[in-house]
Amino acid sequence: MKKLAEVLRDWEAVIGLEVHTELTALETKMFCNCRLSHDDEPNTNVCPVCLGMPGALPVPNEKAIESIVMAGLATNCEIQRHSMFYRKHYFYPDMAKNFQTTQGPVAFCMHGRLDLEVSGAGAAERPDATVEKNEDGSYVAPIRILRIHMEEDAAKMVHVGGEEGRITAATESLIDYNRCGTPLIELVTEPDLRTPEEARLFMEKLRQTFLTLGISDCSLENGSMRCDGNISLRRRGSTEFGTKTEMKNINSFKSLHDALEYEICRQAEVLEEGGIVYQETRHWEPSRRRTVVMRVKETADDYRLFPDPDLAPFDLTDEFVERCRARIPELPDAKRDRYMADFGLKRADAAQLAGDPAVAAFFEQALSAAGEKGAETVAKVMVNLVPSYDALTPAQVASLSGLLAEDAITFAQAREVLDAVNGTSEDPAAYVDAHGMRQSTDEGALGAIVDEVLARCTDQVQQYRDGNKKVLGFLVGQCMKAAKGSGNPKAFNKMLAERLEA
Ligand SMILES: [Zn+2]
């Protein structure tokens, strides 16, 4: 098969995503008071409502409606004041009611948008002129969101025995209804994504947004966030849609990228050989790095969708929507802009700190421990050093930043200090003092060393005065050696330059 970059020169990929997110932050299910928990013994958090017993009546979970409205507001959706729940009928043991309660043509949230910032190698994947690119090749891709609707999750099924990957007569199927009735929001994008990287960035941004809202733990590995992709190809310049395939079993950002990359290249090969892309559902096999057919769709499914007579239509009030809006914390984009303005951070660095709410909270704790003065140093330490360590505390980062800010240690020493204190409760300042690492910036003591070095290295001094400024590095090295490592290189640099220029 051809490589992705080559394929995307001739073909335009049209990608849409459907993202299911369980509202794991809630305490109870969507239509009953059963506890939400994945860790309990199977089939213990169940009742007549979520088991679909005849005559049991559902009661909507108001907190779930608040969560979806917050999700809609955070993704620039129009909140629909009037909507209702529908029954989507199908027969499968994971839904004992034989229908899923979901939303119909009008969802709580319609017509939203998320802007993606694409840069670096990922930006080169999109060669077309349909987006405006900056000088460095980066661009902003506006991705429209068709809708976000509310529904309930099905039970979890586990198949044991039989043939690997296939259900046979020898397979035993186990069902855990604890998950049945879990509040689930489904977000559907318009087919606006054009590259695997854009799809990955969209999922990442959506995850950051939902994490910031605190409505879900958004774990792709554990399945609380799940993603299906629709993909078709068309010749560059064409505006008609090709036949799309649907991709299932995507449980990591990498899988999403790799599955789409594979599928784009596969479809291009089929089309270039004069073949036909069938409308089918395909399964991503990460171990073999390919997609395989799960089922071919010949007709549209008929779910006999109709309004649920047990649930009254919703009329959301202005007060309700405003209450949801007031609960939305500062979102990653706004946080990024604030970090850029307040700490002079580069856009990419600010985005790195603002994206993950846990990282942002850590950063802000370190800032308040360091005090106003050290803000820029804390930001630099967070971007350049902290990502290499897994067990630092905000107080340690604040202390280390203080040492750097007052030139008491060098950047190289900072790594040494963090290697030592990571995972302990030791204060970096105490460590530096205990190991005699604190560097002197005392003008008098350092000045004597500088004068001694200048008197000794007459050749280099002459070279410097003849215009070879690089020799300054050598002289700093001589000073450091004379000070046995306890002098600050920046201070030496400054004092040497002053004396040489005088
Ligand atoms: Zn229940």
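The values are calculated or read from the model by the stated rules, or taken from the named source; none is laboratory data. Bear in mind the structure is a predicted one, so any value in this text is a computation, not a measurement. All Cβ positions, even for glycine, are placed from backbone atoms using ideal geometry, and neighbour counts span all protein chains on display. The accessibility values were calculated without ligands, DNA or RNA, using every heavy atom of the protein model including side chains. Shrake-Rupley method; radii C 1.70, N 1.55, O 1.52, S 1.80 Å.
Go through the stretch 156-184 and give me each residue that's hydrophobic (A, V, I, L, M, F, W, C) and touching a Gly at 6+ places or on another chain (Cβ under 9 Å). Talk me through it step by step, then tell me what you get.
Keep residues of the stretch 156-184 that are hydrophobic (A, V, I, L, M, F, W, C), which gives 157-158, 160, 167, 169-170, 174-175, 180, 184.
Answer for the stretch 156-184, where residues must be hydrophobic (A, V, I, L, M, F, W, C) and touching a Gly at 6+ places or on another chain (Cβ under 9 Å): Ala169, Ala170, Cys180.
Can you find a residue in the stretch 2-21 that is among the aromatic types (Phe, Trp, Tyr), away from the ligand (no atom under 16 Å from the Cβ) and on the phi < 0 side of the Ramachandran plot? Spell out how you get there, then give the answer.
Kept after step one, since they are among the aromatic types (Phe, Trp, Tyr), are these residues of the stretch 2-21: 11.
In the following step, the residues that additionally are away from the ligand (no atom under 16 Å from the Cβ) were identified as 11.
Cutting the leftovers down to on the phi < 0 side of the Ramachandran plot gives us 11.
Scanning the stretch 2-21 turns up at least one residue that is among the aromatic types (Phe, Trp, Tyr), away from the ligand (no atom under 16 Å from the Cβ) and on the phi < 0 side of the Ramachandran plot.
Given the structure, is Thr189 over 25 Å from Leu36 (Cβ atoms) and more than 16 Å from the ligand (Cβ to nearest atom)?
Numbers: over 25 Å from Leu36 (Cβ atoms): yes; more than 16 Å from the ligand (Cβ to nearest atom): yes.
Against the criterion (over 25 Å from Leu36 (Cβ atoms) and more than 16 Å from the ligand (Cβ to nearest atom)), Thr189 qualifies.
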Inset, instruction - Name the one entry in Ala326, Ala369 that is out of contact with any strand residue (DSSP E or B) (no Cβ under 7 Å at 6 or more places or on another chain) and surrounded by fewer than 17 Cβ atoms within 10 Å (Cβ to Cβ). - result: Ala326
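Tell me, please, whether a residue that is under 30 Å from Ala56 (Cα atoms) and out of contact with any helix residue (DSSP H, G or I) (no Cβ under 8 Å at 6 or more places or on another chain) can be found in the stretch 289-301. Steps first, answer last, please.
Here is the first cut: in the stretch 289-301, the residues under 30 Å from Ala56 (Cα atoms) are 301.
Pick out the ones that are also out of contact with any helix residue (DSSP H, G or I) (no Cβ under 8 Å at 6 or more places or on another chain) and you get 301.
Among the residues of the stretch 289-301, at least one is under 30 Å from Ala56 (Cα atoms) and out of contact with any helix residue (DSSP H, G or I) (no Cβ under 8 Å at 6 or more places or on another chain), which makes the answer yes.
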Legend entry - Set Gly72, Gly55: member being open to solvent by less than 70 Å² (accessible area, probe 1.4 Å) and not hydroxyl-bearing (Ser, Thr, Tyr): Gly72
Legend entry - Checking Met150 against (1) surrounded by fewer than 23 Cβ atoms within 10 Å (Cβ to Cβ); (2) more than 30 Å from Trp11 (Cα to Cα); (3) of a type outside the set (S, T, N, Q), the condition it does not meet: (1)
Legend entry - Close pairs from the stretch 30-59: first assigned by TED's automatic domain parsing to the domain that holds Glu186 and more than 9 Å from the ligand (Cβ to nearest atom), partner in a loop (DSSP other than H, G, I, E, B) and among the aromatic types (Phe, Trp, Tyr), Cβ under 9 Å, at least 6 apart: Pro42/Tyr177; Asn43/Tyr177; Leu57/Phe31; Pro58/Phe31; Val59/Phe31
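Would you check which residues across the stretch 146-183 are within 16 Å of the ligand (Cβ to nearest atom) and in a loop (DSSP other than H, G, I, E, B) and list them?
In the first step, residues of the stretch 146-183 are kept if they are within 16 Å of the ligand (Cβ to nearest atom); the result is 151-156, 175-183.
Of everything in the stretch 146-183, those that are within 16 Å of the ligand (Cβ to nearest atom) and in a loop (DSSP other than H, G, I, E, B) turn out to be Asp153, Ala154, Ala155, Tyr177, Asn178, Arg179, Cys180, Gly181, Thr182.
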